[in-house]
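A short worksheet on the structure shown next.
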Amino acid sequence: MNILDQDRLRLVKWPWILAILALLALGLYLTLANGWQAHAREWLNLAVRWLHIIYGIAWIGASFYFIFLENALERQGVRAELSGNIWTIHGGGIYYLEKYKTAPAQLPRYLHWFKWDAYLTWVTGFLLLIIVYYADPRAILLPPGSTLPGWAAIAIAIGSLVAAWLVYVGLSSTQLLYRPALFLLVGGVLVTGAAYLLGQVFSGRGTFMHIGAMLGTIMAANVFFVIIPSQKKLVRAAQQGQALDPQFVAWVQFRSRHNNYLTLPVLFTMIAHHFPMTYNHGAHWLILIALFVAGVAVRHFINVTEKEHHQTVVEGGAMPYLLVLAVALLLGAFYLTAPQKSTVLQETAPVAFAEVQSIIQNHCQMCHAARPTQPGFASAPGGVMLDTPEQIVGYAQKIKQVSVDTEYMPLLVPGVPPMTTEQRAKLGAWVAQGAKGP
């Protein structure tokens, strides 16, 4: 078999693929026959999200590992054709690895490629965008009261992914590529602008997720359009006994290192939807960028520290001030998102539990119940059920956080008037007064 076809993915034979398709068809039949559309959508969300996390861990883990190898290589006293070597220990075994400047004089029979984790992370991520955001753009993607048609919102969202890659390619085609600090500055300004502009169209959560998707698209496209084709070029040159310009190899490594620095910002956007205090703030784009910068600072600290640990002299040292910067940015985001004191809450008269229960029933229980009545929900989002007084009292602080402090909840539901400022004030005052039950 051609060495270019060797990779870690072992293709499943057609009979097994047909068996999987038959099972999926059975699932579709059961869904349509029993009216389980909402139930099926939740399970599809779970399955795709699970796969997304699995492949994302594998891809990012490989990125971290190979950047560690690059930083930790012993470069003194090695053979002329090598960039370096390293001894490692893991899982009860000792490993010895060598890195060639271009390629060995004779290629091995099997060469393991790292690409499918990247591709499948992006594919599952895009499927999640369809399931969670594009299937019903008004539910989460668009802010309350937006008059933008759903199709237009989806077009802007997908267009942002394409635009991100094209802009990145344009930047990488200039001399900025060889000036990392300036590249980072220009890229950071562009990401900030994109976050601000998307924030004028999308909800905070939709903005966060699509900025993350834009960066994830750049990373996956880097693998598909640049890194893997360049690796194939390297292998072909070795097979034909041709020398490959080391500058070309260095150019590819620049693109790979870009992916490494984008990992922590992208990871943040993957978990951000659990924390509405970050994306439901008026300046959510600023909070997003602050946390992105913190992530890049931490990633650079790790990279430089790995170099310093394995080399006698490293220009600039370990840069511990980057950790100080990251913590300062986190503290700044913490301060910006802190609940604001409200004179309305302080002046509100004692709130009876019956008033609170009425507000919850009219605005929350259609979704947050053992058996939701809101179409599209087969179970309570996040497992939060507010059917009984005990449940309402138990979730008092959570209710205050999402409906008073951040005003993220409740989502707008067709036919249900939005929660008023006075109602939010009553909920906040009830919690401040001790969140007493009936």
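The values are calculated or read from the model by the stated rules, or taken from the named source; none is laboratory data. Just so it is clear, the structure is predicted and the values come from calculations on it, not from any experiment. When we count neighbours, we look across all protein chains shown, and the Cβ atoms used for this are built from the backbone with ideal geometry, even at glycine. Quick note on the areas: whole protein, heavy atoms, side chains included, nothing else; ligands and nucleic acids left out. Shrake-Rupley method; radii C 1.70, N 1.55, O 1.52, S 1.80 Å.
Hey, does region 381-391 have a residue that's modelled with pLDDT of 80 or more, assigned to a loop (DSSP other than H, G, I, E, B) and touching a Phe, Trp or Tyr at 6+ places or on another chain (Cβ under 8 Å)? It would help to see each step written out before you state the result.
Looking only at region 381-391, we keep the residues that are modelled with pLDDT of 80 or more, and these are 384-391.
Then keep just the ones that are assigned to a loop (DSSP other than H, G, I, E, B); that gives 384-388.
Those left that are additionally touching a Phe, Trp or Tyr at 6+ places or on another chain (Cβ under 8 Å): 384, 386.
The answer is yes, given that some residue of region 381-391 is modelled with pLDDT of 80 or more, assigned to a loop (DSSP other than H, G, I, E, B) and touching a Phe, Trp or Tyr at 6+ places or on another chain (Cβ under 8 Å).
Of the residues Tyr65, Tyr95, which single one is open to solvent by 30 Å² or more (accessible area, probe 1.4 Å) and more than 29 Å from Leu129 (Cα to Cα)?
Numbers: Tyr65 fails: more than 29 Å from Leu129 (Cα to Cα).
Of Tyr65, Tyr95, the one residue that is open to solvent by 30 Å² or more (accessible area, probe 1.4 Å) and more than 29 Å from Leu129 (Cα to Cα) is Tyr95.
Out of Gly145, Gly159, report the one residue that is surrounded by fewer than 17 Cβ atoms within 10 Å (Cβ to Cβ) and more than 16 Å from Leu198 (Cβ to Cβ). It would help to see each step written out before you state the result.
On the way: Gly159 fails: more than 16 Å from Leu198 (Cβ to Cβ).
When all the criteria are applied, what remains is Gly145.
Yes/no per residue for (1) farther than 17 Å from Ala181 by Cα; (2) modelled with pLDDT under 90; (3) of a type in the set (Gly, Ala, Ser); (4) open to solvent by less than 60 Å² (accessible area, probe 1.4 Å):
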| site | (1), (2), (3), (4) |
| --- | --- |
| Val298 | no, no, no, yes |
| Val304 | no, yes, no, yes |
| Lys307 | yes, yes, no, no |
| Val313 | yes, yes, no, no |
| Gly317 | no, yes, yes, yes |
| Tyr321 | no, yes, no, no |
| Val327 | yes, no, no, no |
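Out of everything in region 98-129 that is among the hydrophobic types (A, V, I, L, M, F, W, C), open to solvent by 50 Å² or more (accessible area, probe 1.4 Å) and over 14 Å from Leu51 (Cβ atoms), what residue ends up being modelled with the highest pLDDT?
Phe114
What number of residues in region 191-244 are of a type in the set (A, V, I, L, M), open to solvent by less than 30 Å² (accessible area, probe 1.4 Å) and touching a His at 6+ places or on another chain (Cβ under 9 Å)? Spell out how you get there, then give the answer.
Pass one, region 191-244, residues of a type in the set (A, V, I, L, M): 191, 194-195, 197-198, 201, 209, 211, 213-215, 218-221, 223, 226-228, 234-235, 237-238, 243-244.
So of that shortlist, the ones also open to solvent by less than 30 Å² (accessible area, probe 1.4 Å) come out as 194-195, 198, 211, 213-215, 218-221, 223, 226-228, 235, 237-238, 244.
From what's left, touching a His at 6+ places or on another chain (Cβ under 9 Å): 194-195, 198, 218-219.
Counting residues in region 191-244 that are of a type in the set (A, V, I, L, M), open to solvent by less than 30 Å² (accessible area, probe 1.4 Å) and touching a His at 6+ places or on another chain (Cβ under 9 Å) gives 5.
Considering (1) within 30 Å of Ala47 (Cα to Cα); (2) without any contact (Cβ under 8 Å) to a residue 60 or more places away in the chain, say which one Ala181 fails and leave the rest.
All conditions are met except number (1).
Condition check: open to solvent by less than 20 Å² (accessible area, probe 1.4 Å), within 23 Å of Val304 (Cα to Cα) and either assigned to a helix (DSSP H, G or I) or modelled with pLDDT of 85 or more (or both). Does Asn71 satisfy that? Don't jump to the end; show me each part of the working.
Details: open to solvent by less than 20 Å² (accessible area, probe 1.4 Å): yes; within 23 Å of Val304 (Cα to Cα): yes; either assigned to a helix (DSSP H, G or I) or modelled with pLDDT of 85 or more (or both): yes.
Taking the combined requirement at face value, the residue satisfies it.
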